[in-house]
Amino acid sequence: MTSIRPLVAGNWKMNGIDSSLAELGALREQLAEAPVAEADVMVCPPATLLSRAVEILAGTDIALGGQDCHPLPSGAHTGDISAEMLADAGATAVIVGHSERRIDHGENDALVKAKALAAYRADLTAIICIGETEAERRDGETLDVLKRQIQGSVPEEARAANTVMAYEPVWAIGSGLTPTLDDVAKVHGFIREVLGRLLGQAESEATRILYGGSVKPTNAAELLFVPDVNGALVGGASLKTTDFYGILAVYRDGAGG
């Protein structure tokens, strides 16, 4: 398989005000002092902080992403943010289809696909999230759910250069629970297999598939070296530089690999 450079992306969710940007400054300093050259780093703060985050991270390799976008570039959509607006604010990527958007806002696969296409239109990387609920897992439907979500959410235009997949078992997010390493390997391998049928083997083998779901420094060394895991989408642990850097550092240290 093609060697894939890992990505660790921090999703701040609905957390962060101006004073929270001190964590980005701390992350910048930590990475300058002890670089992690083996992985790409991204932070996805609230859109209200993007332009200020750009100033803090100027001159670094730390990328910035948005957490959601509207399918259209502009219009009468009060409260929504377009992919073009995110790009204008300094983002290079945007998360689409996160389980909290799918559940809290009723977003379906067709809408997630439209948002991914909007990301491409604005020259943003689409981080497309998929994952099963606890009930679906209990009923043995995990692979069927993921296949349906991939087929419905990933555009034909998706390529390894403009798309990152993120597997987030919904039942593990914020719960402190994680699947077994064998389960993670099985699921990520299945995702790559389905992507291969959709996009072709070459694109599938070059596409980053992140794991998301209670990733923290204490379990990152195991999770991030599972076959077909090419990084992490980190939630709560990305809010504190010490925790986020602790996850990143496993690539530098080569733990588990």
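The values are calculated or read from the model by the stated rules, or taken from the named source; none is laboratory data. Model, not experiment: these values are computed from the prediction. So basically every Cβ, Gly included, is an ideal-geometry build from the backbone, and we count neighbours across all protein chains shown.
Scanning the range 90-134 for residues that are hydrophobic (A, V, I, L, M, F, W, C) and in a strand (DSSP E or B) returns 93, 94, 95, 96, 126, 127, 128, 129, 130. Annotation: of all residues in the range 53-91 being touching a residue at least 12 places away in the same chain (Cβ under 8 Å) and loosely packed, with under 15 Cβ neighbours inside 10 Å, the one that is farthest from residue 127 (Cα to Cα) is 60. Checked against the criterion of being of a type in the set (A, V, I, L, M), at pLDDT 95 or above and part of a strand (DSSP E or B), the candidates 85, 42, 14 yield just one match: 42.
Tallying residues that are more than 19 Å from residue 172 (Cα to Cα) and acidic (Asp, Glu) within the range 102-153 yields 3. Between 157, 107, the distinction of being out of contact with any Phe, Trp or Tyr (no Cβ under 8 Å at 6 or more places or on another chain), acidic (Asp, Glu) and without any contact (Cβ under 8 Å) to a residue 60 or more places away in the chain belongs to 107 only.
Being within 17 Å of the chain's Cα centre (by Cα) and in contact (Cβ under 8 Å) with a residue 60 or more places away in the chain is true of residue 131.
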